[in-house]
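S.K.: There's a structure below that I have some questions on.
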Amino acid sequence: MNFLSVNDLSRDQMNEIFDIADEISLGKTLTSLKAGSVLALLFEKPSTRTRISFEVAMGRLGGRSIYVDSNTSQMSRGETVSDTARMLSLYVDFVAARLDHHGDLVEFANSSTVPVINAMTDLEHPTQSISDLYTISNAKRKLKGIRIAFVGDIAQNTCNSLMLAAVKLGAEMALVGPKDYPPNPEYLTRSREYGVVDIFDTMADGLAGADIVYIDSFTSLTDTFGKVDQSEVEKRNRLFAKYQVNAAALKYADKDALVMHPLPAFRGREITADVLEGSKSIVWEQAKNKLLLEQAILMFLSEKST
């Protein structure tokens, strides 16, 4: 079994991953991965939290990881995605791939004989969304009926994954961003088959009644193949300025609303420092839980692949 998209998991399977995470956090899980298990981390883009948390997760489960930078592998000389997948499958037990294009990830998985995990593509970031929803569930003691406001760039990968996973688990989504950057129509349509997804272009309307205010970088997807589109960065910074999550914006949300950010955060741009470090922020718990949930995902895939 692969985990390329939130579409790959049912509601029951997501809850099963959460149950595994609960057991790990309580020290109840007695089983581990098979002895000598190896995870390959095949990355075309930089990473801090995802890479390190996966490496530590494998170590805590009794395995090890190998980091494969595409720039220093034979992929940089033209080896195909399919050939790379077939080769890695001969050596390792899992692959977590952070690739520029989701289509390449699908091609990779189709040629792999070991479980493949999406460690982020241009279309989705499913491990992030699973971890985030686990964090929300712990903080609010439920997911059903929780209203999550995703603010800013509602057309990007993290939003796609979080939107679909959240409504599958009974939460509501409010997408809050400029009209010129509408959400991905495929993910919006699919998500609305499961639950409520509303779209707003003002903070006052979009944050009304929100239990969670979720913000991500305004410019995270402007870096393509290592080349930053500076004009797009400048355009976004101007256009998205009114969607900054600050103390004034939080007044529109529920009085007990909590703030989330997947990091890296650019203080003073999409979020102010006082909010990021304030009493309503659960950003650092969110980051901490990536390690726990990646352990749970690896355990889940291991069980499903035996």
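S.K.: Quick one: Arg269 ticks every box in (1) over 20 Å from the mean Cα position of the chain (by Cα); (2) not assigned by TED's automatic domain parsing to the domain that holds Ala174 bar one, so which box is it?
M.R.: (2)
S.K.: Select from region 106-154 the residues that are of a type in the set (A, V, I, L, M, F, W, C) and over 19 Å from the mean Cα position of the chain (by Cα) and write down the one among them that is surrounded by the fewest Cβ atoms within 10 Å (Cβ to Cβ).
M.R.: Val114
S.K.: Please give the number of the condition Ala265 fails out of (1) touching a Leu at 6+ places or on another chain (Cβ under 9 Å); (2) free of Cβ contacts under 8 Å to residues at least 12 places away in the same chain.
M.R.: Every listed condition holds for Ala265 apart from (2).
S.K.: Out of the residues in region 161-218 meeting the condition of being within 19 Å of Ala249 (Cβ to Cβ), of a type in the set (Ser, Thr, Tyr) and touching a strand residue (DSSP E or B) at 6+ places or on another chain (Cβ under 9 Å), tell me which one is surrounded by the most Cβ atoms within 10 Å (Cβ to Cβ).
M.R.: That would be Tyr214.
S.K.: Right, something else. Run Asn71 past the list (1) out of contact with any Pro (no Cβ under 9 Å at 6 or more places or on another chain); (2) at pLDDT 95 or above; (3) in a helix (DSSP H, G or I) and report the number of the one that doesn't hold.
M.R.: Answer for Asn71: the failing condition is (2).
S.K.: Looking for whichever is closer than 25 Å to Leu123 by Cβ and in a loop (DSSP other than H, G, I, E, B) here; the options are Glu79, Glu16. Which one fits?
M.R.: Glu79 is the lone residue from the list that is closer than 25 Å to Leu123 by Cβ and in a loop (DSSP other than H, G, I, E, B).
S.K.: Can you spot a residue in region 268-283 that is touching a residue at least 24 places away in the same chain (Cβ under 8 Å) and under 30 Å from Asp8 (Cα atoms)?
M.R.: yes
S.K.: Continuing with the same structure: Quick check, is Lys34 of a type in the set (D, E, K, R) and surrounded by fewer than 16 Cβ atoms within 10 Å (Cβ to Cβ)?
M.R.: yes
S.K.: What do you reckon, is Asp93 assigned by TED's automatic domain parsing to the domain that holds Lys34, of a type in the set (Asp, Glu) and under 26 Å from Glu303 (Cβ atoms)?
M.R.: The answer is yes for Asp93.
S.K.: From the list Ile199, Ile148, exactly one residue is at pLDDT 95 or above, part of a strand (DSSP E or B), more than 21 Å from Gln128 (Cβ to Cβ) and of a type outside the set (Gly, Ala, Ser). Which is it?
M.R.: Ile199
S.K.: I'm trying to understand the selection: among the residues of region 110-128, which are among the hydroxyl-bearing types (Ser, Thr, Tyr) and assigned to a loop (DSSP other than H, G, I, E, B)?
M.R.: The answer is Ser112, Thr113, Thr121.
S.K.: Does Ser53 meet the test of being hydroxyl-bearing (Ser, Thr, Tyr), assigned to a helix (DSSP H, G or I) and either touching a residue at least 60 places away in the same chain (Cβ under 8 Å) or within 25 Å of Pro262 (Cα to Cα) (or both)?
M.R.: yes
S.K.: Can you tell me how many residues in region 208-245 are at positive phi and modelled with pLDDT of 90 or more?
M.R.: 1
S.K.: Only one of these is touching a residue at least 12 places away in the same chain (Cβ under 8 Å), closer than 24 Å to Arg49 by Cα and not assigned by TED's automatic domain parsing to the domain that holds Met58: Gln295, Gln244. Name it.
M.R.: Gln244
S.K.: Going residue by residue through region 205-212, is there one that turns out to be touching a residue at least 60 places away in the same chain (Cβ under 8 Å), over 25 Å from Pro46 (Cα atoms), in a helix (DSSP H, G or I) and not hydroxyl-bearing (Ser, Thr, Tyr)?
M.R.: There is no residue in region 205-212 that is touching a residue at least 60 places away in the same chain (Cβ under 8 Å), over 25 Å from Pro46 (Cα atoms), in a helix (DSSP H, G or I) and not hydroxyl-bearing (Ser, Thr, Tyr).
Table: residues versus (1) hydrophobic (A, V, I, L, M, F, W, C); (2) not assigned by TED's automatic domain parsing to the domain that holds Ser65.
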| site | (1), (2) |
| --- | --- |
| Ala119 | yes, no |
| Lys144 | no, yes |
| Thr158 | no, yes |
| Pro182 | no, yes |
| Ala208 | yes, yes |
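The values are calculated or read from the model by the stated rules, or taken from the named source; none is laboratory data. Every value quoted in this text rests on a predicted model; they were computed, and no experiment measured them. Neighbour counts run over all protein chains shown; Cβ positions are idealised from the backbone, glycine included.
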